[in-house]
Amino acid sequence: MMIGMVYGGVPAARFSREQFIKHSQAEVYRHRIEAVRSVHNAAIRSFLRYGFRWGWRVAAFVSIFNCVSAGMAAYRDKVVVSNFAAAGAVTGGIFRLNLGLRGLVGGSVIGALLGVPAGALISGLQTLTGEDLIERKRQERQRLHDRQLQEWAERVAFTDVIVQEIREAGEEPTEKEVEKINQILLSSEDGGYTRTTG
């Protein structure tokens, strides 16, 4: 959105400034600061008006493109150029939908053609790094799963030690101890435990 604001706002502000100077040659100002302030106000108004107009369009375009390409990559479980071509086709078609069926088809074709180089660039960068995005996410999920299994095994082992100590002491577990065991089993946030007796 910020790139779109700059892209649309800066030329509009420059044009508006030039037009204001051109059309206000005969205007009389009390002081030079007042004249400069009027020029700047005209430029800022144009920057905000046209910058916002371009900004929301670029933000919507990029959001739709990324949602479609990420959704297809998640569904197909791989990142390929055709995902980006399809995302470009969908995005181009949506943005030219107001021109009717011909606009929809034309926007889809142009979007698909522009999506291919974007997909080739992203796939090429992933090939250069040696690991694609899907594989990295898969490895992160596997590491998280292994860590959770290890934490669960530690909790279960600690609980078994507490139960064994209670049995060795020849006592029936009290409500407090049962509650402590249940808290240990239910807690999923804390991975390390300090053993306390009492």
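Numbers below:
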quantity	calculated
Any chance ALA73 is at pLDDT 85 or above, more than 19 Å from ALA13 (Cα to Cα) and surrounded by 15 or more Cβ atoms within 10 Å (Cβ to Cβ)	no
Check on SER63, open to solvent by less than 90 Å² (accessible area, probe 1.4 Å), among the hydroxyl-bearing types (Ser, Thr, Tyr) and within 35 Å of the chain's Cα centre (by Cα)	yes
Residue within the stretch 19-32 that is part of a helix (DSSP H, G or I), touching a residue at least 24 places away in the same chain (Cβ under 8 Å) and either open to solvent by less than 60 Å² (accessible area, probe 1.4 Å) or not aliphatic (A, V, I, L, M) (or both) present	no
Helices (runs of 4 or more DSSP H) wholly inside the stretch 76-175 that include at least 1 residues being at positive phi and either open to solvent by 100 Å² or more (accessible area, probe 1.4 Å) or not aromatic (Phe, Trp, Tyr) (or both)	100-129
From THR159, THR174, residue being modelled with pLDDT under 80, out of contact with any helix residue (DSSP H, G or I) (no Cβ under 8 Å at 6 or more places or on another chain) and among the hydroxyl-bearing types (Ser, Thr, Tyr)	THR174
Boolean, ARG37 is among the basic types (Lys, Arg), assigned to a helix (DSSP H, G or I) and loosely packed, with under 13 Cβ neighbours inside 10 Å	yes
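One line per residue, one yes/no per condition, for (1) at pLDDT 80 or above; (2) of a type in the set (Ser, Thr, Tyr); (3) over 34 Å from the mean Cα position of the chain (by Cα):
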residue	(1), (2), (3)
ILE21	no, no, yes
GLU27	no, no, yes
ALA35	no, no, yes
SER38	yes, yes, yes
ASN41	yes, no, yes
ARG45	yes, no, no
ARG53	yes, no, no
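The values are calculated or read from the model by the stated rules, or taken from the named source; none is laboratory data. The shown structure was predicted, so the numbers you read here are calculated from the model rather than taken from an experiment. All Cβ positions, even for glycine, are placed from backbone atoms using ideal geometry, and neighbour counts span all protein chains on display. For accessibility, only protein heavy atoms count, side chains too; no ligands or nucleic acids. Shrake-Rupley method; radii C 1.70, N 1.55, O 1.52, S 1.80 Å.
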